[in-house]
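Note sheet for the following structure.
The values are calculated or read from the model by the stated rules, or taken from the named source; none is laboratory data. Just so you know, these numbers come straight off a predicted model, no measurement behind them. Positions of Cβ are backbone-derived with ideal geometry, glycine not excepted, and every protein chain shown enters the neighbour counts. Accessible surface areas use protein heavy atoms only, side chains included; no ligands, DNA or RNA. Shrake-Rupley method; radii C 1.70, N 1.55, O 1.52, S 1.80 Å.
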Amino acid sequence: MTVFDPLILPNGSTIKNRIAKAAMEENMADADQAPSEALMRLYQAWADGGAGLIITGNVMVDGRAMTGPGGVVLQDDQQLDKFKRWASISRSGGAQVWLQINHPGRQMQANLGQKAWAPSAVPLELGSLSRLFATPHVMTAAVIEDVIQRFARSARLGEQAGFTGVEIHAAHGYLLSQFLSPLTNQRTDEWGGSLDNRARLLLEIVKAVRAVVSADFAVAVKLNSADFQRGGFSADEARQVVERLNDLGVDLVELSGGSYEAPAMQGQARDGRTLAREAYFVEFARDIQTVARMPVMVTGGVRRRPVAESVVASGVDMVGIGTALAIDPYLPRDWLQGKDTAPQLPPITWKNKTIASLANMAVVKFQLGKLSRDKKTDPTVSPLRALIEQQLATVWRTRQYRRWVEKRQPVVPAS
């Protein structure tokens with residue numbers, strides 16, 4: 001088995017090779033929180049690059065719940081034509097294209113002016129940066145049911161727009177991951193306590209999504225193999241969740257790990273655990289594969305073809321690549337042509353790990369910005385410059401988002 005062999009999913013559809021463009025948060029929505037022209041150009045590059053699967057950055061199921069101010073929102077059909085164009089461009093190279101649908105829960109900036117919801121009122125612990133995130137409100141039964149229906153609605157709209165699947169984001173400390181973790185889910189009702197209860201929201205969302213999309217529309221789940229925090233969601237619990245997903249029509253499980261508090265998806269872990277430089281979730285993937293009846297994809301750090309080939313040779317079905325494809329969107333095409341391309345970013349060794357993590361994300365977004373303007377990427381960009389530019393962009397996009405919210409507020413007649 002090689003990375004350029006096709007993969008047949010449980011729904012019967014085929015992915016042309018085993019290389020996936022993993023989701024990266026672009027924050028490139030237009031003034032309507034819909035796909036922008038810049039986003040279209042970015043995805044044209046990835047479409048031309050040769051990956052078999054393209055997974056979009058976060059698409060929000062609720063415009064009041066944002067992972068970032070420039071996030072794309074798909075909660076109704078008002079901007080569906082833009083999503084249709086996005087899907088068409090992204091599929092133009094023969095890849096399957098899945099929307100990553102998400103809800104941030106407590107991981108939402110306070111200055112967006114929205115109420116943050118979470119399973120429990122547990123605030124983020126990010127040192128001096130904690131003040132940027134408000135303490136969340138405990139979700140009521142009605143709010144939970146609304147979230148379930150919003151995931152299903154976004155999936156149905158995604159299929160109408162021409163995407164070939166969705167990936168339900170239950171990793172990286174976002175809402176569904178918060179429900180799975182006993183650190184952030186301290187509920188005593190049917191949504192908390194035992195793993196069955198903590199996994200209930202994810203399972204109900206999967207069932208609701210599968211019920212409203214066609215049989216050949218892919219439904220995938222992104223799951224933390226662990227959240228790398230003592231007392232949190234563990235690898236053994238991840239295995240048990242996958243067992244519960246086996247009978248729900250899931251076409252693929254992507255394994256990653258970490259959260260805002262412990263960004264292991266970038267190769268860092270709060271508990272000092274040593275992670276391999278490349279493919280650092282493969283060990284977990286092999287373990288999960290002993291129980292998974294659907295294909296398993298591993299994402300994290302891969303940038304060289306020999307590493308990607310070794311991942312697939314070990315039995316893992318797909319390799320997700322993020323940062324390397326932000327630097328070189330044509331990496332799969334290069335590998336197929338026999339080029340020994342291995343793009344990478346210089347390591348950021350700042351003492352403050354939280355700020356270093358933000359800088360790393362900013363450097364990646366700097367590359368995405370270059371690609372969205374049809375310009376050559378610059379992996380050697382100063383992390384400080386990238387971080388400052390990203391912060392300025394965030395300020396501007398926050399204002400844009402708040403204007404969008406105000407425009408959508410219903411007008412209350414004078415009494």
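Side notes on the structure shown:
- Output for the stretch 155-194, where each listed residue is free of Cβ contacts under 8 Å to residues at least 24 places away in the same chain and among the polar types (S, T, N, Q): Thr188, Ser194
- Looking across the stretch 51-67 at every residue that is part of a loop (DSSP other than H, G, I, E, B) and β-branched (Val, Ile, Thr), the one that is modelled with the highest pLDDT is identified as Val61.
- Qualifying residue in the stretch 115-132 (condition: in contact (Cβ under 8 Å) with a residue 60 or more places away in the chain, in a helix (DSSP H, G or I) and surrounded by 20 or more Cβ atoms within 10 Å (Cβ to Cβ)): no
- Matching residues in the stretch 31-50 - criterion: being part of a loop (DSSP other than H, G, I, E, B) and free of Cβ contacts under 8 Å to residues at least 40 places away in the same chain: Ser36
- Only one of the listed residues (Val291, Val316, Val363) is under 18 Å from the mean Cα position of the chain (by Cα), among the aliphatic types (A, V, I, L, M) and more than 16 Å from Ala51 (Cα to Cα). That residue is Val363.
- Count - residues of the stretch 13-22 that are assigned to a loop (DSSP other than H, G, I, E, B) and either in contact with a strand residue (DSSP E or B) (Cβ under 7 Å, 6 or more places away or on another chain) or under 17 Å from Val166 (Cα atoms) (or both): 3
- Comparison of Gln178, Gln186 shows that the only residue that is of a type in the set (S, T, N, Q), modelled with pLDDT of 95 or more, open to solvent by 20 Å² or more (accessible area, probe 1.4 Å) and under 19 Å from Pro104 (Cβ atoms) is Gln186.
Condition check ((1) part of a helix (DSSP H, G or I); (2) among the acidic types (Asp, Glu)) across all residues:
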| residue | (1), (2) |
| --- | --- |
| Gln160 | yes, no |
| Phe179 | yes, no |
| Asp196 | yes, yes |
| Leu202 | yes, no |
| Val219 | no, no |
| Lys222 | no, no |
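- Across the stretch 329-353, the number of residues qualifying as open to solvent by less than 30 Å² (accessible area, probe 1.4 Å) and out of contact with any helix residue (DSSP H, G or I) (no Cβ under 7 Å at 6 or more places or on another chain) comes to 1.
- From the options Glu25, Glu37, residue that is in contact with a strand residue (DSSP E or B) (Cβ under 6 Å, 6 or more places away or on another chain) and open to solvent by 20 Å² or more (accessible area, probe 1.4 Å): Glu25
- Count of the stretch 400-415 residues which are modelled with pLDDT of 90 or more and surrounded by 10 or more Cβ atoms within 10 Å (Cβ to Cβ): 6
- Of the residues examined, Asp62 is not one that is out of contact with any strand residue (DSSP E or B) (no Cβ under 8 Å at 6 or more places or on another chain) and of a type in the set (Asp, Glu).
This table checks each residue for (1) touching a residue at least 60 places away in the same chain (Cβ under 8 Å); (2) within 18 Å of Val296 (Cβ to Cβ).
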position	(1), (2)
Asn197	no, no
Arg200	no, no
Asp216	yes, no
Lys222	yes, yes
Phe233	no, yes
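- If you go through the stretch 289-314 and keep only what is over 25 Å from Arg244 (Cβ atoms), open to solvent by 40 Å² or more (accessible area, probe 1.4 Å) and not in a helix (DSSP H, G or I), you end up with Arg303, Arg304.
- Remark: pairs (first residue in the stretch 91-107, closer than 13 Å to Thr164 by Cα; second residue among the polar types (S, T, N, Q) and part of a strand (DSSP E or B); Cβ separation under 6 Å; 6+ apart in sequence or on different chains) = Leu99/Thr56; Gln100/Thr56; Gln100/Asn58.
- Given (1) polar (S, T, N, Q); (2) at pLDDT 95 or above; (3) under 21 Å from the mean Cα position of the chain (by Cα); (4) more than 19 Å from Ala47 (Cβ to Cβ), index of the condition Thr354 fails: (2)
- Condition met for Arg286 (of a type outside the set (Val, Ile, Thr), open to solvent by 40 Å² or more (accessible area, probe 1.4 Å) and closer than 29 Å to Pro10 by Cβ): yes
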